[in-house]
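The values are calculated or read from the model by the stated rules, or taken from the named source; none is laboratory data. Being a predicted model, the structure only gives us computed values, none of them experimental. Here the Cβ positions follow ideal geometry from the backbone for every residue, glycine too, while neighbour counts run over all protein chains shown.
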Amino acid sequence: MRHSRKLTLAAVLLATASTATAGNTAAYGLQPAPGPRAAAIDPHLGPEVDVGAGETGIATVECPSGEVPTGGGGFNPALLSGHPFAITNSFPEGNVWVLTALNTSSSVQKLAAFVLCSSVAHTVVESAPGNLNPGTGGSATVTCPDGLVTSGGGVHSSGTEVEVSALHATPNTWSVRVANNSGAVQAASAVVICADIGTSGRTGESKVIAPHSTGVVLATCPQGQVPTGGGIFTDNPGAFISGLNSSGPSWFSGVNNLTDSPVTAAAQVICTAG
C-alpha cells in the first residue's frame, strides 16, 4: 500500500465550515457500482482491549498477508446497541487498522478495531494536518488521485481528545469533522483509501438519538454488493462517532450524543460487487 500526503484542506472553524447532511449524497447513492473489476472483501475484528473510565484506548487489527485495508473502524463488541466511546483516530497504517477512542462512561469498556481487507491494490492519501485551537472544531476533505475511487477512509489526529462527529464520502473524496476538547492546540487530517474498483455510496434512514444517550444507525448495500467501508452524518458536532463496522451487506455506525438536544444521524456505506 502506498501512503502519501496530499495538501488539500486545513481544518477550519466549525462556525464557518460547511456541514454535510444525508441529502448531499443522494445522487451518489443512486448510482450503480460500475467499474473495471470487483474486489473480494475480507472482514476482520481485532482483539478486545479494556479501556478505563475517562481513558483513551488503542486497538489494532491486521489484514492477512497480501491484503490491505479498504475501510475500517471499531466498536465495543460486548454491546448490541450504543457504544459509550468517542473515536479520536481511525486510519490504516500499512496492512493494519489503528483505532483510538475515549471512554466517556463511568465504567471499564471493551474496544476492538475492525477492518475490511482486499488483495486488490489500494492507495492511501492523507490531507495536510489542520490545527485546531482548544475548544474549536473543524473539517477537512481529501481527494483520490485521478482514475481512482473512494473505497473507505478515516481520520488521523494528534490528541486523545479530538473527537470525530462525521465521516463521509463522495465518489472520489473523503471528508471528516472533528472537535478539539483538549486544553492545547491539536491537529487532525482526513484519510482516504482509493482503488480502481467499482463502488457506489448508499445513505441509510435517518435516526434521532436522544440527548445524553447512544444509538446505532445503518446503511445497506444493494443485493449482490458488499461494503468496502463507510461513515456517518450527524447534524450536531457535539454528537461523536462511537462505532464503525459492517456485517454482511450492512454498515453500522454508533453515535454518542453528549449534548442536551436530540441529534439526527444517518450511516453511509460504500459498496462494491460481492
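Please go through region 208-225 and pick out each residue that is more than 18 Å from His168 (Cβ to Cβ) and crowded, with 24+ Cβ neighbours inside 10 Å.
Thr214
One line per residue, one yes/no per condition, for (1) aliphatic (A, V, I, L, M); (2) out of contact with any helix residue (DSSP H, G or I) (no Cβ under 6 Å at 6 or more places or on another chain); (3) surrounded by 24 or more Cβ atoms within 10 Å (Cβ to Cβ); (4) farther than 29 Å from Ser213 by Cα:
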| position | (1), (2), (3), (4) |
| --- | --- |
| Cys117 | no, yes, yes, yes |
| Leu132 | yes, yes, yes, no |
| Gly137 | no, yes, no, no |
| Thr143 | no, yes, no, yes |
| Gly147 | no, yes, no, yes |
| Gly152 | no, yes, yes, no |
| Val155 | yes, yes, yes, no |
| Ser165 | no, yes, yes, no |
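Mind checking whether some residue in region 225-237 is within 30 Å of Cys63 (Cα to Cα) and either free of Cβ contacts under 8 Å to residues at least 12 places away in the same chain or aromatic (Phe, Trp, Tyr) (or both)?
Yes, region 225-237 contains at least one residue that is within 30 Å of Cys63 (Cα to Cα) and either free of Cβ contacts under 8 Å to residues at least 12 places away in the same chain or aromatic (Phe, Trp, Tyr) (or both).
Could you please give the count of residues in region 55-83 that are assigned to a strand (DSSP E or B), among the aliphatic types (A, V, I, L, M) and over 30 Å from Gly198 (Cβ atoms)?
2
Just to be sure I understand the filter: pairs with C-beta atoms under 6 Å, separated by 6 or more residues or on different chains, first member in region 251-274 and of a type in the set (A, V, I, L, M, F, W, C), second member surrounded by fewer than 24 Cβ atoms within 10 Å (Cβ to Cβ) and in a loop (DSSP other than H, G, I, E, B). Which pairs pass?
That search, which allows pairs on different chains as well, returns Leu258/Gly238; Val263/Asn236; Ala266/Gly204; Ala266/Ser206; Ala267/Gly204; Cys271/Ala33; Ala273/Ala33; Ala273/Ala38.
With region 140-191 as the region, which strands (runs of 3 or more DSSP E) entirely inside it contain at least 2 residues that are without any contact (Cβ under 8 Å) to a residue 60 or more places away in the chain?
In region 140-191, 173-180 are the strands (runs of 3 or more DSSP E) which contain 2 or more residues that are without any contact (Cβ under 8 Å) to a residue 60 or more places away in the chain.
Can you pull out the residues in region 84-137 that are in a strand (DSSP E or B) and of a type in the set (Ser, Thr, Tyr)?
Across region 84-137, the qualifying residues are Thr88, Ser90, Thr100, Ser118, Thr123, Ser127.
Please find, within region 32-55, the residue that is farthest from Ile270 (Cα to Cα) out of those that are surrounded by 14 or more Cβ atoms within 10 Å (Cβ to Cβ) and at pLDDT 95 or above.
That would be Val51.
Specify which of the listed residues (Asn245, Asn257, Asn172) is farther than 16 Å from Gly72 by Cα and buried (at least 24 other Cβ atoms within 10 Å of the Cβ).
Asn257
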